[in-house]
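Q: Pasting in a structure now, in structure tokens, and then I'll have a few things to ask.
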């Protein structure tokens with residue numbers, strides 16, 4: 001009986017103790033930084049790319065922002081360039097724009113919760129090159145040769161693309177050997193793209209030449225395809241004397257043309273170094289043993305006084321300009337030096353000059369026993385007077401090297417070239433040594 005009572009007491013005590021215990025609340029989870037990874041970059045262009053990441057764990061706190069930070073330096077953070085992409089966990093992607101071409105960028109995904117900001121792994125990529133800004137060498141071709149003669153030909157080129165940089169020089173180079181470069185003979189022809197044509201002169205007859213067009217920009221120089229041509233066999237030139245040419249004078253207002261396949265052999269009687277401004281003259285007086293003449297070149301000549309020249313005058317124009325009979329527009333390459341010669345001046349008087357001017361024009365003459373009067377200096381026009389009181393004009397170009405020198409006072413001898421200008425007969429000295 002007592003045993004039963006004891007057991008009942010123990011059961012009652014157990015239920016009392018169990019029912020008397022109060023259940024406590026479950027503990028709150030610990031908050032931490034989020035966990036985020038950076039995804040590989042896709043769709044990279046020269047100025048944009050697509051980047052992204054994945055918020056793997058919110059760290060037991062709400063993700064309030066997420067996105068990508070990027071920069072050209074490693075370990076970018078929120079103080080560099082950023083592009084946000086909402087909130088919450090999971091994957092996300094953003095577009096990066098206004099990037100620089102051909103540039104390496106570093107990116108990291110980020111996520112922010114109440115604990116703070118965390119970054120994913122770093123990923124790098126390089127933007128593409130902007131094809132619209134790539135600068136290359138120009139693109140060009142060499143034109144076939146045409147109008148080929150024994151001493152000249154035309155060629156040129158066509159520049160179809162400047163390579164993204166202005167063409168600062170262009171032209172042709174040519175040589176007797178293949179693959180000519182600008183270290184060989186060259187003829188420039190301006191700038192920029194387009195078609196250009198060049199007259200190649202001074203060539204040897206019956207000779208093969210190789211030609212390439214060239215062009216240069218900020219990248220460098222480039223050559224076109226190579227072409228070749230062979231000059232014609234030189235024609236046999238007939239020698240004309242100056243007195244025969246003077247018989248062809250068409251008059252003061254007309255033009256005429258000299259025969260084909262003709263040449264002259266003359267000696268230079270003017271001095272380009274002293275008579276012209278800095279040697280920049282195109283008009284040259286010359287003489288053979290029959291007469292004298294003025295020759296007007298296309299460009300400034302540099303043949304010294306006394307040079308003997310062979311000049312191809314085939315089909316050249318002749319005319320009278322302001323009273324001076326001349327051969328016009330002769331290419332310098334038509335004149336070749338064949339030695340030196342001394343032309344003795346014609347000793348004469350002013351009266352004889354007036355009587356024979358049409359025959360003696362362009363010749364070297366000498367007057368003895370004359371005086372000079374006028375401005376006191378050589379430059380411009382002064383007057384020569386002889387003992388018979390006959391007179392003729394002494395003319396010196398204002399650009400002559402001795403133009404400001406004083407001429408001598410008293411009786412002198414004068415040597416000079418006889419010519420006419422607008423009806424006025426004149427003598428022009430070459431330098432001060434022509435007055436003795």
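Every read-out reported here was derived from the displayed coordinates using simple, explicitly stated rules and does not represent laboratory data. If you're wondering where the values come from, they're calculated on a predicted model, not measured in any experiment. Here the Cβ positions follow ideal geometry from the backbone for every residue, glycine too, while neighbour counts run over all protein chains shown.
Q: Angle check, please: helix 2-20 long axis (alpha carbons) against the longest principal axis of the chain (alpha carbons), in degrees 0 to 90, nearest 10.
A: That works out to roughly 30 degrees.
Q: Could you give the distance between the Cα centres of region 402-436 and region 53-125, to the whole Å?
A: After rounding, the separation between the Cα centres reads 93 Å.
Q: When the Debye formula is applied to the Cα atoms of region 223-270, each taken as the same point scatterer, what base-10 log of I(q)/I(0) results at q = 0.18, 0.22 Å⁻¹?
A: Scattering profile of region 223-270, log10 relative to I(0): -0.76, -0.94.
Q: Mind listing the Cα extents of region 238-340 along all three principal axes, in Å, largest one first?
A: If we take the Cα atoms of region 238-340, the spans are 33, 28, 23 Å.
Q: Only bridges whose two residues both fall in the chain count here: according to DSSP, what percent of them are antiparallel, nearest 5?
A: 90
Q: Using packing as a proxy for protection, rank 384-395, 287-298 so that the peptide with the highest average count of other Cβ atoms within 10 Å comes first.
A: Numbers: 384-395: 16.6, 287-298: 20.0.
Top of the packing list down: 287-298, 384-395.
Q: Output the direction-averaged projected area (hull surface divided by four) of the convex hull of the alpha-carbon atoms of region 35-130, in nm².
A: Mean orientational projected area (region 35-130, Cα hull): 5.2 nm².
Q: Let me ask something else. What number in nm² do you get for region 288-334 if you take the convex hull of its Cα atoms and divide its surface by four?
A: Mean orientational projected area (region 288-334, Cα hull): 3.9 nm².
Q: Which order do the peptides 193-200, 32-39, 250-257 take when ranked by the mean count of other beta-carbon atoms within 10 Å per residue, highest first?
A: Descending packing order for the listed peptides: 32-39, 193-200, 250-257.
Q: A follow-up question, please. Alpha carbons only, please: Rg and Dmax for region 153-194, in angstrom.
A: 11.3, 33
Q: Separate question: Can you compute the radius of gyration and Dmax for the chain, using only the Cα atoms, both in Å?
A: Reported Rg and Dmax, both Å: 48.4, 191.
Q: Over region 346-434, what lengths in whole Å, largest first, do the semi-axes of the equivalent ellipsoid take, defined as the square roots of 5 times the eigenvalues of the alpha-carbon gyration tensor?
A: Working through the eigenvalues yields semi-axes of 19, 15, 11 Å.
Q: Now for a different question. Any chance you could run the full-extension gain for residue 433 through residue 161? It's 0.36 nm times the residue separation minus the Cα-Cα distance, nm to one decimal. Kindly include the intermediate steps, with their values, before the conclusion.
A: Values: separation 272, 0.36 × 272 = 97.92 nm, distance 5.89 nm.
Separation in residues times 0.36 nm, less the Cα-Cα distance, equals 92.0 nm.
Q: So, one more: So if I average 1/r over every pair of distinct C-alpha atoms in region 132-287 and take the inverse, what Kirkwood radius in Å does that give?
A: Working: mean 1/r = 0.0536 Å⁻¹.
Averaging 1/r across every pair of different Cα atoms and inverting gives 18.7 Å.
Q: Pop the C-beta distance of residue 300 and residue 199 into the FRET formula with R0 = 22 Å and round what comes out to the nearest 0.05.
A: Efficiency, rounded to the nearest 0.05: 0.80.
Q: Another question, then. Helix 350-360 against the longest principal axis of the chain: what's the angle in degrees, Cα atoms only, rounded to the nearest 10?
A: Helix 350-360 sits at roughly 60 degrees to that axis.
Q: Another one. Using packing as a proxy for protection, rank 413-421, 68-76 so that the peptide with the highest average count of other Cβ atoms within 10 Å comes first.
A: 413-421, 68-76
Q: With the Cα gyration tensor of region 168-244 in hand, convert its eigenvalues to equivalent ellipsoid semi-axes via √(5λ) and list them largest first in whole Å.
A: For region 168-244, the semi-axes come out at 32, 16, 9 Å.
Q: Rounded to the nearest 0.05, what FRET efficiency do residue 132 and residue 230 give with R0 = 51 Å and r taken as the Cβ-Cβ distance? Could you check? Provide the component values of the computation, followed by the final result.
A: Working: r = 45 Å, r/R0 = 0.88.
It comes out at approximately 0.70.
Q: Per residue and in Å³, how big is the convex hull formed by the alpha-carbon atoms of region 117-213?
A: Dividing the Cα hull volume of region 117-213 by its residues yields 139 Å³.
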